[in-house]
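Report on the following structure.
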Amino acid sequence: MVKKFKKDQTVYISSAAGPVGTFFAILAKCEGAFVIGSAGSDDKVQYLLKNIGLDAAFNYKTQDARAELDKESPKCLDIYVDLLGIQTLDIGLEKIKDNGLVVAVGNFESAAGKADYVFKNMMQIIFKALRVQGFAVFQHLHRYPDFWADVKPRVVSGQIKVQITAVEGLEKIAEA
């Protein structure tokens with residue numbers, strides 16, 4: 001997946017402030033992409049802008065995702081990394097370029113019990129000749145040495161900044 005991001009691409013990552021979304025955002029920024037992220041709180045949006053260095057970010061719970069993407073990516077998206085599902089996926093499919101790439105990483109909202117959304121734009125996959133790729137890390141464990149060879153120098157150089165959150169006691173794990 002690291003090699004899919006390229007300079008001058010526009011990438012949108014839903015739920016970009018979580019550990020998986022943040023890592024995708026960092027990798028896309030390292031490759032020179034223009035990265036837009038959405039998050040579920042204003043604090044997380046500020047984290048994406050100030051700590052991760054995204055080009056744009058918005059709160060998908062309080063802001064209109066369609067309007068924000070229109071404003072930040074008038075030329076459309078090259079890649080959409082979906083971690084939410086729900087209507088965010090429909091909007092991503094609407095905003096992505098012909099022959100674009102949709103990376104389906106998660107379905108956070110359905111996992112949280114909000115699975116009653118009915119998708120409306122799935123035909124965009126056909127009309128725009130989109131590539132849809134599921135991504136599950138456990139299917140790529142054999143590639144870990146290649147991944148680490150690519151990422152380790154970026155961590156050592158400071159291009160990728162490591163943030164550690166530690167709490168004491170299993171009962172406090174939700175705080176981490």
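The values are calculated or read from the model by the stated rules, or taken from the named source; none is laboratory data. All of these numbers come straight from a predicted model, not from anything done at the bench. Here the Cβ is made from the backbone with ideal geometry for all residues, glycine too, and neighbour counts use every protein chain on show. Please note that ligands, DNA and RNA were not included when accessible areas were found on the heavy atoms of the full protein model with its side chains. Shrake-Rupley method; radii C 1.70, N 1.55, O 1.52, S 1.80 Å.
Just one of (1) 73, 26, 23; (2) 46, 35, 31; (3) 40, 37, 31 is Cα extents along the principal axes in Å calculated from these coordinates, so which is it?
(2)
Using θ = phi - 60° and the Karplus curve 6.51 cos²θ - 1.76 cosθ + 1.60, what whole-Hz ³J(HN,Hα) does each residue of region 133-149 get, with Gly and Pro shown as x?
Rounded to whole hertz, the list is 10, x, 9, 10, 4, 5, 7, 10, 4, 5, 9, 3, x, 5, 4, 5, 4.
For a quick check: with amide H placed at 1.01 Å from N, whose amide H comes under 5 Å from Gly37's, ignoring anything fewer than 5 positions away on the same chain?
For Gly37, whose amide H was placed from the backbone, the distant partners under 5 Å are Ile13, Ala56, Ala57, Phe58.
Quote the relative contact order of the chain in percent (integer), defining contacts as alpha-carbon pairs under 8 Å separated by 6+ residues.
That works out to 16 percent.
Using Cα positions and a limit of under 12 Å, work out the aspartates and glutamates in reach of Lys120, with same-chain residues fewer than 8 apart set aside.
Counting by Cα, and skipping residues close in sequence, Lys120 has these aspartates and glutamates nearby: Asp90, Glu94.
On the accessible surface of region 1-61, probed at 1.4 Å, how many percent belong to carbon and sulfur atoms?
Carbon and sulfur: 48 percent of the exposed surface of region 1-61.
If you plug each phi of region 26-33 into the Karplus form 6.51 cos²θ - 1.76 cosθ + 1.60 with θ = phi - 60°, what whole-Hz ³J(HN,Hα) values come out, in order, with x for Gly and Pro?
Along region 26-33, the couplings run 4, 4, 5, 4, 4, 8, x, 6 Hz.
Any idea what the dipole of region 1-144 comes to, in debye rounded to 20, about its Cα centre with Lys/Arg Cβ at +1 and Asp/Glu Cβ at -1? Please report the intermediate quantities before stating the final value.
On the way: 18 positive and 16 negative charges, 94 e Å.
It comes to approximately 460 debye.
For the chain, what is the mean residue ellipticity at 222 nm derived from helices alone (per DSSP H run of n ≥ 4: -39500 (n - 2.57); sum divided by total residues; nearest 500 deg cm²/dmol)? Could you put the intermediate results ahead of the total?
On the way: 7 runs with 58 residues, N = 176.
Value at 222 nm, helices only: -9000 deg cm²/dmol.
Simple spin-label model, 7 Å along Cα-to-Cβ: Gln139 to Gln163 in nm?
2.9
Distance check, please: which entries in Lys29/Lys71; Lys61/Lys152; Lys6/Lys152; Lys7/Lys71 exceed 23 angstrom between their Cα atoms?
As for pairs spanning more than 23 Å Cα to Cα, those are Lys61/Lys152.
Considering only Thr88, Cys76, Val105, whose Cα is most displaced toward the positive end of the charge dipole of region 71-111, charges sitting on Cβ of Lys, Arg (+1) and Asp, Glu (-1)?
Cys76
Report, by chain and number, residues whose modeled amide H sits under 5 Å from the one on Val132, excluding near sequence neighbours (fewer than 5 apart, same chain).
Here Val102 satisfy the definition.
What are the ³J(HN,Hα) couplings of region 43-59, residue after residue, when phi is run through the Karplus curve with 6.51, -1.76, 1.60 and θ = phi - 60°? Round to Hz, x for glycine and proline.
Ordered by residue, 3J(HN,Hα) equals 4, 5, 4, 5, 4, 5, 6, 8, 8, 8, x, 5, 6, 7, 7, 8, 8 Hz.
Jot down the radius of gyration and Dmax of region 1-92, Cα atoms only, both in angstrom.
In order Rg, Dmax, the Cα atoms of region 1-92 give 11.5, 33 Å.
Per residue, how many Å² of accessible area does region 18-176 show with a 1.4 Å probe?
That works out to 59 Å² per residue.
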